[in-house]
Ligand code: ATP
Ligand code: MG
C-alpha cells in the first residue's frame with residue numbers, strides 16, 4: 001500500500017515533462033541506418049499531420065552502432081488511422097492493437113502512443129499483486145515513454161529532423177552501458193514479470209550492466225514468472241536462446257536467480273554439471289551460427305534442452321521391460337507433452353525434435369546397409385550436429401562422431417571399408433550399464 005502510494009506521488013512528480021533533444025552531431029545516428037520502409041512510414045504519417053518516430057530497439061541499437069533487428073514506429077495516429085494510410089497494412093492485436101505495414105518482404109510495426117495509467121484508472125485492470133491484465137489506453141508521447149521498460153528502449157528518432165528525443169536519460173545510460181528501469185523497478189516488474197527476462201536478455205545482448213536498483217527486486221519477484229502464459233514464456237525464451245547471446249543470457253539468468261521455475265527446462269540442466277557442459281556447447285554453437293547469419297532453429301534448441309529428460313524417461317521405460325522402440329517413442333511423446341505445459345512450444349516443432357533424437361540411436365549402427373540408408377535421411381545434418389555437440393559435452397564417444405564425419409566425406413569404397421563387423425556395429429549393447437557416458441536413446445534393432 002505504502003509503496004504504491006509513494007510510487008504514485010513520486011512517480012508523478014518525477015515525470016520529466018520535456019524530453020532532452022539530441023542533434024545528429026550529438027547522437028551519431030545516421031538516417032542511412034534506418035530501414036527504407038520505416039522512413040516511408042514515418043514520412044507518410046507526418047505528411048498527413050501525425051507525429052511519427054522510429055522507437056525502441058532500433059534507435060537503441062543504432063546508438064550503440066549495432067544493426068537493428070527490426071524497426072518499430074510510434075505515432076499519435078490511431079491504429080485505424082494508420083491502417084487507412086497504407087494499402088498493405090493490417091491491424092493485429094494481442095494485448096494491445098498494433099498495425100503491421102508491409103513493404104516488399106519487410107514489415108514495420110506501428111504502435112499508437114500509449115499511456116501508463118495508474119491503478120485506479122478504469123481502462124487498466126490490475127491484479128492484486130500489481131500485474132497488468134489489460135492495458136490499451138492511448139496517450140501522449142510523454143506518457144508513451146514512461147510506460148516503456150528500460151531507459152535505452154524509450155528513445156524516439158525523428159528521421160526528418162534527425163533528432164533523438166530522450167525522456168528518461170537513455171542516451172546517457174547507453175554511454176554508460178547501463179540497463180535501467182523507467183520508474184520504480186519493483187512496481188514495473190510486478191506489472192509485467194516478463195520484463196525480468198527482458199532485463200537478462202538485453203544485458204546479455206548489449207553487454208550492459210543492470211543498474212543496482214533495477215536488479216534488486218528481481219530475485220524476490222522471479223516466482224511471479226510462473227503466472228505468465230506458457231506461450232509468452234516460450235516466445236521470450238526463444239528470443240533469448242536464438243539471440244546470438246544465449247550463453248551470456250543464460251549466465252545472466254542464473255546470476256539473477258531466474259532460471260529456477262521460470263525456465264523449467266533450464267533449471268534441470270543447469271543444476272547438473274555433466275548436463276551443463278552439453279548445454280553450453282549447444283548455446284555456444286548456436287550463438288556462433290546466429291552471428292554468422294546461419295539459421296538456428298527452435299527445434300534444435302529444444303531438442304538439446306530436453307534431451308536428458310527424454311533419455312532418462314526412456315531408460316526407465318526400457319528397464320521396466322518395454323521394447324526399445326516402444327520405450328523410445330513413449331519417452332519422446334511424454335517428454336514433449338510434459339514440457340509443453342510449462343513452455344508452450346508449437347506442435348509443428350515436434351517432428352523435427354523427435355527425428356533429431358531418434359537419429360542418435362541410429363548413429364550407433366555402423367554395419368551393413370544401415371549407415372548408407374542414413375546418408376539419405378533428410379535430417380542427417382541436424383542429427384549429426386547434435387551428435388557432435390554430445391561428443392563435445394562428453395555425452396557420446398568422440399570416436400563415433402569422428403567416424404560419421406569421415407563416413408559422410410568418404411567415397412563409396414572407403415565407406416565400405418569403414419563399416420564395422422556386424423557384431424560390433426549392431427545392437428549388442430542392451431545390457432550396458434545405465435548412465436554410461438556413451439549411452440544413447442536406444443537401439444534401432
Ligand atoms: P529487440 O531488439 O529484441 O527487438 P526491442 O527493444 O525492440 O528489442 P521489442 O520487444 O521489439 O524489443 O519491443 C519494442 C519496444 O516496446 C521496446 O523497446 C520497449 O520500449 C517496448 N516494450 C516491449 N515490451 C515491453 C514490456 N514488456 N514492457 C514495457 N515496454 C515494452
Ligand atoms: Mg524490436
Please work out if residue 310 is surrounded by fewer than 20 Cβ atoms within 10 Å (Cβ to Cβ), in contact (Cβ under 8 Å) with a residue 24 or more places away in the chain, part of a helix (DSSP H, G or I) and out of contact with any strand residue (DSSP E or B) (no Cβ under 8 Å at 6 or more places or on another chain). no
How many residues are surrounded by fewer than 23 Cβ atoms within 10 Å (Cβ to Cβ) and free of Cβ contacts under 8 Å to residues at least 40 places away in the same chain if we restrict to the stretch 142-151? 2
(1) more than 16 Å from ligand 2 (Cβ to nearest atom); (2) buried (at least 17 other Cβ atoms within 10 Å of the Cβ); (3) over 18 Å from residue 345 (Cα atoms); (4) touching a residue at least 24 places away in the same chain (Cβ under 8 Å): which one isn't true of residue 257, the others all being true? (2)
Some residue of the stretch 35-46 being closer than 26 Å to residue 207 by Cβ, touching a strand residue (DSSP E or B) at 6+ places or on another chain (Cβ under 9 Å) and within 16 Å of ligand 2 (Cβ to nearest atom): yes
Just give me the residues in the stretch 53-91 being free of Cβ contacts under 8 Å to residues at least 60 places away in the same chain and in contact with a strand residue (DSSP E or B) (Cβ under 6 Å, 6 or more places away or on another chain), in sequence order. 71, 72, 73, 75, 79, 82, 83, 86, 88, 89, 90, 91
Of the residues 174, 154, 200, which single one is crowded, with 19+ Cβ neighbours inside 10 Å and modelled with pLDDT under 95? 200
When (1) at pLDDT 90 or above; (2) not in a helix (DSSP H, G or I) are applied to residue 257, the one that fails is (1)
Quick one: in the stretch 157-168, of everything that is buried (at least 24 other Cβ atoms within 10 Å of the Cβ) and under 24 Å from residue 47 (Cβ atoms), which residue is nearest to the chain's Cα centre (by Cα)? 157
Taking the stated definitions as given, is residue 282 in contact with a helix residue (DSSP H, G or I) (Cβ under 8 Å, 6 or more places away or on another chain) and outside any helix (DSSP H, G or I)? no
Taking the condition buried (at least 18 other Cβ atoms within 10 Å of the Cβ) and in contact (Cβ under 8 Å) with a residue 60 or more places away in the chain, does residue 358 pass? yes
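The values are calculated or read from the model by the stated rules, or taken from the named source; none is laboratory data. Given the structure is predicted, the values throughout are model-derived calculations rather than measurements. Using ideal geometry, Cβ is built from the backbone for each residue, glycine included, and neighbour counts are taken over all protein chains shown.
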